[in-house]
Amino acid sequence: MSRFDIYMSGVGGQGIGLLSEAIIRAADYAGLAVCGVDTHGLAQRGGMVESFVRIGTLTTPLVRKGSAKLVLALERTEALRAVELFAAPGGTLLYYDTCWQPLSVRLGTEKETSAEDVAAACARLDVRVIPVRTELPDVRMQNVALLAVAAKEKLIPGVGVEHYEKALADLLPERALQGNLKVLKG
Amino acid sequence: MKSLGDMLLNTGPFSEIVLGNTALARAMIESGTEVIASYPGSPTPEIGAALMSVPKERRPYYFEFSTNEKVATEVACGASLNGRPSCVFFKSVGLNVAADSFVQLSLLELNGGLVAILGDDPGANSSQNEQDNRHIARLAYIPVLEPASPAEAYTFYLEAMKLSRKRKMPVILRMTTHVCHGKEKVSFAGWTPRPIGSVPAFDSSAGPSIPLTTRALDMKRRAIARLAEVAQETDGSPLHELREGNDPSKGVITAGLPFRSLVDVLEDAAEKPDILKLGVVHPLPKGLVADFLRSHASVKVLEELDDVLEREIKALAFDLGIRTVIVGKTDPEDWIGEYTPDKVAEVLAKTWPSLVPRKRAERAATLAPRPPQMCPGCGHRSAFHAIKQTLAKEDITVADIGCHTLGFLPPYKMGEVLLSMGHSTGTAAGLSLFNTTRKVVAFLGDSTFFHAGLPGIVNAVFNNHNLTLILMENGTTAMTGHQDHAGSGGNANGPADAIPVRAVLEGLGVKSIREADTYSQAKLTAMVKEAVAEEGFSVVIARHPCMLKYTREQQRTPGYVRKSVNIDQEKCDKLHVCVESFGCPSFQRDEEGRVVVSEELCIGDGSCIQTCPAKAIGVKKVQEGGGKA
Ligand code: SF4
Ligand code: SF4
């Protein structure tokens with residue numbers, strides 16, 4: 001298949017590692033060539049974290065700026081940054097519409113990034129935007145909430161909900177799996 | 001859920017999606033590596049996590065996190081002298097700590113073999129510099145293998161151990177951040193479990209192993225001779241790869257991750273140069289490189305960080321009278337940062353402007369990058385907030401390495417200079433000399449206390465320096481993923497007696513010791529005030545368990561109850577102490593200047609309640625939940 005680059009970002013502590021590994025495993029279950037890399041930062045929460053997944057190529061897991069056909073962001077501020085840097089024209093931004101204010105906003109020196117800011121950047125860059133916000137039994141399931149929309153909207157060509165299911169079963173302990181599968185399957 | 005430990009012990013051939021670091025752990029098992037030691041540091045700690053995922057009684061190896069990288073190197077060295085295949089691994093700057101022993105390794109007969117995995121960090125993602133550890137190879141006469149992917153990490157480790165055992169010499173496997181953390185499907189060979197032998201094979205007649213007087217020179221002769229043999233043996237090694245392009249006039253010599261970036265970028269190029277990818281980067285495969293140079297009119301040396309290969313290749317061309325145009329680094333930027341595909345495209349364009357068409361628009365972010373910060377509820381935040389109340393603006397604060405380094409960021413701005421692990425007491429001592437007007441306060445974490453902090457403390461006692469050391473004790477090696485340390489009550493093999501920090505300080509002769517839980521902010525403020533007013537060396541132990549570790553453990557406990565605080569908007573005077581000075585990231589500010597608490601972030605520990613002058617913060621509610629890892 002032709003190559004499909006995915007760029008993911010969020011804030012440390014939001015569970016981007018699980019999101020990215022679920023996608024890598026799902027793509028593998030779908031029979032696609034896939035590789036990825038996380039920028040594991042430090043343990044502390046709150047810094048920017050990113051992850052790259054590339055489907056259909058094994059040259060390198062690192063995605064070039066402006067070439068991600070799918071951008072996934074777990075937070076609104078990071079969604080804006082991600083789309084500006086990595087989204088390919090004609091691509092899609094799927095983000096969880098929550099805000100973890102950066103220090104500058106908390107200190108009152110900058111304004112919080114709004115959903116309108118994100119939408120405007122997407123319009124300028126010719127990127128389709130899908131914000132997600134749903135009731136969840138646990139805030140730690142926001143990553144899987146994004147996966148659910150990616151599955152439903154078939155945002156990753158060739159990867160279906162059954163593949164994501166298998167991937168989550170690989171990655172989650174039984175006590176967490178059932179709740180997350182419920183979120184995945186809506 | 002798939003079990004990492006079961007996967008690592010799988011005896012049949014299989015393939016699995018793994019991190020580069022995990023692939024290394026499997027390679028250790030397959031190759032029969034029996035003793036493995038490390039000190040945690042990014043980008044390598046997941047090797048330790050993988051090794052520890054195997055239950056202790058099923059481990060076909062002994063693994064430990066040692067107190068520092070030098071000790072880890074010595075443990076691996078001693079085991080190898082006893083005939084055990086051994087491995088030591090640590091992060092880039094860990095080599096500086098290990099160096100005193102590390103540079104001696106090649107002088108010995110390492111009977112069992114010893115592979116040292118060095119996790120370099122181009123781009124300084126999680127290190128205080130981006131030093132290029134290939135330099136140690138020349139200094140210490142040690143061969144270096146450099147994989148570019150998780151699959152290569154696995155095969156190169158096996159080769160490195162084979163080479164090391166055959167020649168009884170150390171071999172370096174040089175990893176970089178995104179090779180360690182790359183994830184892809186790797187095919188593993190089968191593995192036959194073998195019992196670990198119980199014969200200690202150390203034989204002093206196999207030496208000399210004491211490099212004193214003229215022996216040191218004989219041992220050096222042997223090291224150089226062995227390296228020359230390795231050069232011969234690896235010149236034609238299948239670890240090197242030649243990839244033909246369609247423009248025979250141009251060639252690129254490269255290695256490691258930059259190779260993958262190069263292949264990616266060249267997909268856009270109409271005329272592709274030939275590529276020589278080196279698998280063994282030291283000693284240089286001279287025959288292979290000379291042939292490559294002779295068969296191309298111009299050759300670009302594409303290497304991340306320093307010009308190690310470039311210099312050797314140019315020297316080789318000079319010696320052999322090869323007239324090929326060789327281009328290495330062209331400007332200082334070529335020395336800096338990770339060689340991602342975007343960076344490689346830029347670097348190539350400086351030498352061959354039309355090679356890769358520029359079809360991409362420049363992309364820039366309007367937002368400033370978001371630096372890491374201390375977690376919600378972190379005890380260090382309470383400590384910084386409390387200590388700040390009592391220090392004068394002109395006082396000097398010295399940072400050290402750990403989560404508490406982040407205190408240098410606003411709003412705390414505590415910790416103004418940083419060198420390395422454990423430097424703070426020594427640097428602070430120097431800052432205190434001929435200084436009667438500005439108090440000097442140093443910070444130090446507990447894992448770092450044991451790692452490299454002790455000599456500075458002994459020095460402060462021994463030479464009677466005038467400073468206050470604040471020991472930020474959180475009971476774990478938090479920043480690298482919560483590994484145990486000598487003071488935490490456990491090690492990589494189970495429970496262990498904790499070495500109490502206070503008893504160590506007393507034993508070292510520290511006279512002035514105070515301790516407080518950092519959540520008791522007023523008490524801590526008062527203690528630091530007293531301590532800095534004293535003449536001489538004083539220590540304040542500012543203790544609170546790592547709240548990220550604590551919260552994660554709580555979340556896994558059945559019946560876990562989620563808590564958070566909230567702000568009574570009636571009582572709030574908009575003084576903004578919580579959001580601007582205390583600065584817990586859970587506090588969010590809206591456009592009218594109202595502060596609200598994010599329930600997603602708040603852990604409900606309540607350490608902020610005491611900071612609000614209007615007493616507007618209270619515990620809000622509890623939510624049922626939990627159960628996810
Ligand atoms: S990991 Fe622990 S010590 Fe480090 S910032 Fe978070 S709570 Fe604090
Ligand atoms: S109770 Fe919540 S807001 Fe207060 S310090 Fe703890 S995490 Fe931050």
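The values are calculated or read from the model by the stated rules, or taken from the named source; none is laboratory data. What you see is a predicted model, and the numbers here were worked out from it, not measured in a lab. Positions of Cβ are backbone-derived with ideal geometry, glycine not excepted, and every protein chain shown enters the neighbour counts. All accessible areas refer to the heavy atoms of the entire protein, side chains included, with ligands and DNA or RNA removed. Shrake-Rupley method; radii C 1.70, N 1.55, O 1.52, S 1.80 Å.
Laid out as a table, the results:
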item: Orientation-averaged projected area, Cα convex hull of the range B:1-117 (nm²); result: 7.4
item: Solvent accessible area, Å² - residue B:7, 1.4 Å probe, full protein context; result: 30
item: Contour minus Cα-Cα distance for residue B:346 and residue B:596 (0.36 nm per residue); result: 85.5 nm
item: Between 0 and 90°, nearest 10: helix B:308-320 axis offset from chain B longest Cα axis; result: 20
item: Span from the the range B:270-347 Cα centroid across to the the range A:113-186 one, whole angstrom; result: 44
item: Cα-derived Rg to Rh of chain B, Kirkwood definition; result: 1.00
item: Acute angle (nearest 10 degrees) that the helix B:257-266 long axis makes with the longest principal axis of chain B, alpha-carbon atoms; result: 70
item: C-alpha center-to-center spacing [the range A:26-99, the range B:556-595] in angstrom; result: 31
item: FRET efficiency, residue B:573 to residue B:523 (Cβ-Cβ, R0 25 Å, nearest 0.05); result: 0.45
item: Mean Cα-pair separation over length for the range B:4-235, i.e. relative contact order, pairs under 8 Å, 6 or more apart, %; result: 27
item: Most positive-pole-ward Cα, A:74, A:56, A:85, against dipole of the range A:53-114 from beta carbon charges; result: A:56
item: Per-q log10 I(q)/I(0), the protein assembly as shown, q = 0.06, 0.08 Å⁻¹ (Debye; single scatterer per alpha-carbon; no solvent); result: -0.40, -0.74
item: Selection from B:263, B:63, B:287, by position along the positive dipole direction of the protein assembly as shown (Cβ); result: B:63
item: Area of residue B:602 that stays accessible when all protein chains are in place (1.4 Å probe, Å², to 10); result: 10
item: Cβ charges +1 (Lys, Arg) and -1 (Asp, Glu), total dipole of the range B:379-550, debye; result: 400
item: Separation of alpha-carbon centers, the range B:114-133 and the range B:464-517, rounded to whole Å; result: 27
item: Over the range B:241-351, relative contact order from alpha-carbon pairs under 8 Å, at least 6 apart, %; result: 32
item: Surface/4 estimate of mean projected area, convex hull on alpha-carbon atoms of the range A:4-185, nm²; result: 10.1
item: Acute angle (nearest 10 degrees) that the helix B:547-556 long axis makes with the longest principal axis of chain B, alpha-carbon atoms; result: 90
item: Sum of -39500 (n - 2.57) over DSSP H runs of 4+, divided by residues of the protein assembly as shown (222 nm, nearest 500); result: -10000 deg cm²/dmol
item: Rh (Kirkwood; distinct C-alpha pairs) - the range A:5-90, Å; result: 12.9
item: Residue B:514 accessible area, 1.4 Å probe, all protein chains in place, Å² to nearest 10; result: 40
item: Beta bridges by DSSP in the protein assembly as shown, antiparallel share as percent, to the nearest 5; result: 35
item: Selection from B:430, B:521, B:472, by position along the positive dipole direction of the range B:379-550 (Cβ); result: B:521
item: Residue order for B:603, B:401, B:36 - accessible surface, 1.4 angstrom probe, largest first; result: B:603, B:401, B:36
item: When each of B:343/B:549; A:69/B:314; B:343/B:393; A:182/B:574; A:65/B:183; A:166/B:56 is checked by Cα-Cα distance, pairs over 32 Å; result: B:343/B:549; A:69/B:314; B:343/B:393; A:182/B:574
item: Virtual paramagnetic centre 7 Å along Cα→Cβ of residue B:554, amide N under 18 Å, in the range B:461-482; result: B:474-476
item: Contour excess over end-to-end distance, with Cα ends at residue B:561 and residue B:213 and 0.36 nm allotted per residue; result: 118.6 nm
item: Partner chain coverage, peptide A:29-38 - average Cβ within 10 angstrom; result: 4
item: Relative contact order %, chain A, counting alpha carbon pairs below 8 Å whose residues are six or more apart; result: 23
item: Mean projection area, nm², convex hull over Cα of the range B:212-302; result: 7.0
item: Sites residue B:327 and residue B:224 - FRET efficiency at Förster radius 41 Å, r taken between beta-carbons, to 0.05; result: 0.85
item: Coarse-grained scattering of the range B:379-550 at q = 0.11, 0.18 Å⁻¹, given as base-10 log I(q)/I(0) from a Debye sum over alpha-carbon atoms; result: -0.39, -1.12
item: Shielding by partners - mean other protein chain Cβ count within 10 Å, residues of A:11-21; result: 2
item: Bridge type composition, the range B:206-332 - antiparallel percent by DSSP, nearest 5; result: 20
item: Dipole in debye (nearest 20) - chain B, about Cα centre, beta carbon charges: Lys, Arg +1; Asp, Glu -1; result: 600
item: Computed Kirkwood radius, in angstrom, where 1/r is averaged over Cα pairs of the range B:241-351; result: 13.9
item: Share antiparallel - DSSP beta bridges, the range A:4-185, percent rounded to 5; result: 50
item: Accessible area in the full protein assembly, largest first, 1.4 Å probe, for B:393, A:166; result: B:393, A:166
item: The protein assembly as shown, dipole about Cα centre (Lys/Arg Cβ +1, Asp/Glu Cβ -1), debye to the nearest 20; result: 520
item: Reachable aspartates and glutamates, given that their alpha-carbon falls under 14 Å from the alpha-carbon of residue A:152 and they are not under 8 places away in the same chain; result: A:162, A:165
